[in-house]
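**Student:** Encoded as C-alpha cells, here's the structure I'll be asking about.
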Amino acid sequence: MRTTKHSVLFIACTHGNETIGVDGMRVITSTGQDRVDWIIGNELAYKAGTRSTDGRTGGDLNRSAPGRLGSLRYEERRAAEILLLARQYKYVVDLHGCPGQCGVFIIISKITRATLQLASLFPITRIVLWPQAKGAHAGATTAFVDCGISVECGDEREDATLRELTQALDGFLHQLHKSKNVLPQALQGREIYQVVGVIPSKESQQYPNLTEFGVVNVDGVEQRSLFVDLYPLTHAILLRPVTADEALALLRKGGRP
Ligand SMILES: [Zn+2]
C-alpha cells in the first residue's frame, strides 16, 4: 500500500468484506503501475472479514462521512481520517463489491460535470446517478470530496468480475492524463441511469423475476431494477434511463428526481 501523492486515490474495502477492491488494486500494482495510491477503507472490518465493525461503536463507513476525528464510533473516526487524506487528491475512486449479477458499473453520488467527466475516463458502460438523500448529514466519502465516484462490482465472488474490474482500472489509468474528451460527447455509448425510487420488500410478489438492470414496469412506466433483494426491506432499487444531455441537465438539481 502506498500513499505518496498522485492525482487519484483508490479506496478498497469501505465495506470490509468486499475484498474484490483489494484484489483489483493488488493486480494493478503488481504490473508495475506507478501512478496508484490506495488504502483500505474500513481496516478493522477488513481484518474481521465483516462489512462493518459491529455493535455500539460500529457503523457503515459508506454512511459515515464527513465523520469526526474524536468520535467514539470507529467508522465516524475513520471517515474523518480518510477525508483528510482524500481531499489531498484530485480524484477519489471507491471500490465496492456485491453478490448481485450486475457486472461492473459506476455510481455517482455527487453529480457534477467533474464527476461525470471522471466517470467517462473509465471503460465502463453503465453509470448510475445516485445522489445522497436531501438533508442527509452523513454519507459516502465520495459525496464529500471535490471529485469522487464509486465502482460497484458484482458478482464479486466470480473471477470474471475481478478481470472486468482490473481491465476497467487499467483502461482508466491509461486515459487519466491524456483524455481530452468533453461532455456530453465523452459519455457517448454509455448507459446512464438515475435512481428514482425503490420497490419495498413487501411488494416483492407483485414484481417477480427481477434482474439486475432488467426492465420492470411500474405503474405503466418502464424502469430498470438494481440490487434485487440485496438490502433489507428493499426488493429493488428503481432506475430511469437518461441520456447524457439529460444527465447534464440534472446537474442543476443535484441529480434528484
Ligand atoms: Zn460496498
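**Student:** From GLY100, GLY58, GLY139, grab the single residue that is modelled with pLDDT under 95, within 16 Å of the ligand (Cβ to nearest atom) and within 22 Å of GLY197 (Cα to Cα). Step through it out loud before you land on a result.
**Tutor:** Details: GLY100 fails: modelled with pLDDT under 95; GLY58 fails: within 22 Å of GLY197 (Cα to Cα).
None of the others qualify; the one that does is GLY139.
**Student:** Does THR50 count as touching a helix residue (DSSP H, G or I) at 6+ places or on another chain (Cβ under 8 Å), within 15 Å of the ligand (Cβ to nearest atom) and either free of Cβ contacts under 8 Å to residues at least 24 places away in the same chain or hydroxyl-bearing (Ser, Thr, Tyr) (or both)? Give the steps one after another, and end with the answer.
**Tutor:** On the way: touching a helix residue (DSSP H, G or I) at 6+ places or on another chain (Cβ under 8 Å): no; within 15 Å of the ligand (Cβ to nearest atom): yes; either free of Cβ contacts under 8 Å to residues at least 24 places away in the same chain or hydroxyl-bearing (Ser, Thr, Tyr) (or both): yes.
It is false that THR50 is touching a helix residue (DSSP H, G or I) at 6+ places or on another chain (Cβ under 8 Å), within 15 Å of the ligand (Cβ to nearest atom) and either free of Cβ contacts under 8 Å to residues at least 24 places away in the same chain or hydroxyl-bearing (Ser, Thr, Tyr) (or both).
**Student:** Please enumerate the residues belonging to segment 64-97 that are among the hydroxyl-bearing types (Ser, Thr, Tyr) and within 16 Å of the ligand (Cβ to nearest atom). So that I can check it myself, show each step before the final result.
**Tutor:** Keep residues of segment 64-97 that are among the hydroxyl-bearing types (Ser, Thr, Tyr), which gives 64, 71, 74, 89, 91.
SER64 - this is the single residue of segment 64-97 that is among the hydroxyl-bearing types (Ser, Thr, Tyr) and within 16 Å of the ligand (Cβ to nearest atom).
So that you can scan it fast, the table gives a plain yes or no per residue for (1) at negative phi; (2) outside any helix (DSSP H, G or I); (3) surrounded by fewer than 16 Cβ atoms within 10 Å (Cβ to Cβ):
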residue: TRP38; (1), (2), (3): yes, yes, no
residue: ARG51; (1), (2), (3): yes, yes, no
residue: LEU69; (1), (2), (3): yes, yes, yes
residue: VAL92; (1), (2), (3): yes, yes, no
residue: THR142; (1), (2), (3): yes, no, no
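**Student:** Since ARG87 meets every condition but one in (1) surrounded by fewer than 19 Cβ atoms within 10 Å (Cβ to Cβ); (2) farther than 19 Å from VAL195 by Cβ; (3) touching a residue at least 60 places away in the same chain (Cβ under 8 Å), which condition does it not meet?
**Tutor:** (3)
**Student:** Still on this structure: Regarding segment 4-14, can at least one residue be identified that is more than 16 Å from the ligand (Cβ to nearest atom), among the hydrophobic types (A, V, I, L, M, F, W, C) and free of Cβ contacts under 8 Å to residues at least 40 places away in the same chain? Working first, answer last.
**Tutor:** First pass over segment 4-14, keeping only residues more than 16 Å from the ligand (Cβ to nearest atom): 4-9.
Filter once more, so that each one left must be among the hydrophobic types (A, V, I, L, M, F, W, C): 8-9.
Imposing the further condition that a residue be free of Cβ contacts under 8 Å to residues at least 40 places away in the same chain reduces the set to none.
Taking every residue of segment 4-14 in turn, none turns out to be more than 16 Å from the ligand (Cβ to nearest atom), among the hydrophobic types (A, V, I, L, M, F, W, C) and free of Cβ contacts under 8 Å to residues at least 40 places away in the same chain.
**Student:** Under 7 Å by Cβ, and 6 or more places apart or on different chains, what pairs join a residue from segment 17-37 that is closer than 12 Å to ASP94 by Cα with one that is crowded, with 19+ Cβ neighbours inside 10 Å and small (Gly, Ala, Ser)?
**Tutor:** GLU18/GLY97; ILE20/GLY97; GLY21/ALA12; GLY21/GLY97; VAL22/ALA12; MET25/ALA12
**Student:** Take segment 144-166 and flag every residue that is loosely packed, with under 14 Cβ neighbours inside 10 Å and either more than 16 Å from the ligand (Cβ to nearest atom) or under 15 Å from the mean Cα position of the chain (by Cα) (or both). Show your work before the answer.
**Tutor:** Start the filter on segment 144-166 by keeping residues that are loosely packed, with under 14 Cβ neighbours inside 10 Å, which leaves 157, 159-160, 163.
If the condition is that a residue be loosely packed, with under 14 Cβ neighbours inside 10 Å and either more than 16 Å from the ligand (Cβ to nearest atom) or under 15 Å from the mean Cα position of the chain (by Cα) (or both), then ASP159, ALA160, ARG163 are the ones that fit.
**Student:** Additional query: Please go through segment 198-229 and pick out each residue that is assigned to a strand (DSSP E or B) and loosely packed, with under 11 Cβ neighbours inside 10 Å.
**Tutor:** Hits for segment 198-229 are ASN217, VAL221, GLU222.
**Student:** Something else now. Any residue in segment 170-187 that is within 16 Å of ILE108 (Cβ to Cβ), within 18 Å of the chain's Cα centre (by Cα), among the aliphatic types (A, V, I, L, M) and modelled with pLDDT of 95 or more?
**Tutor:** Keep residues of segment 170-187 that are within 16 Å of ILE108 (Cβ to Cβ), which gives 172, 183-184, 186-187.
Restricting the remaining residues to those that are within 18 Å of the chain's Cα centre (by Cα) gives 172, 187.
Within this subset, residues satisfying the condition of being among the aliphatic types (A, V, I, L, M) are 187.
Okay, now just the ones that are also modelled with pLDDT of 95 or more, so none.
Looking through segment 170-187, none of the residues is within 16 Å of ILE108 (Cβ to Cβ), within 18 Å of the chain's Cα centre (by Cα), among the aliphatic types (A, V, I, L, M) and modelled with pLDDT of 95 or more.
**Student:** Looking at (1) outside any loop (DSSP other than H, G, I, E, B); (2) within 28 Å of LEU230 (Cβ to Cβ), which one does ASN17 not meet, given that it meets all the others?
**Tutor:** (1)
The values are calculated or read from the model by the stated rules, or taken from the named source; none is laboratory data. Quantities reported herein were computed from a predicted structural model and do not represent experimental measurements. For neighbour counting, all protein chains shown are included, and Cβ atoms are generated from backbone atoms with ideal geometry for every residue, glycine included.
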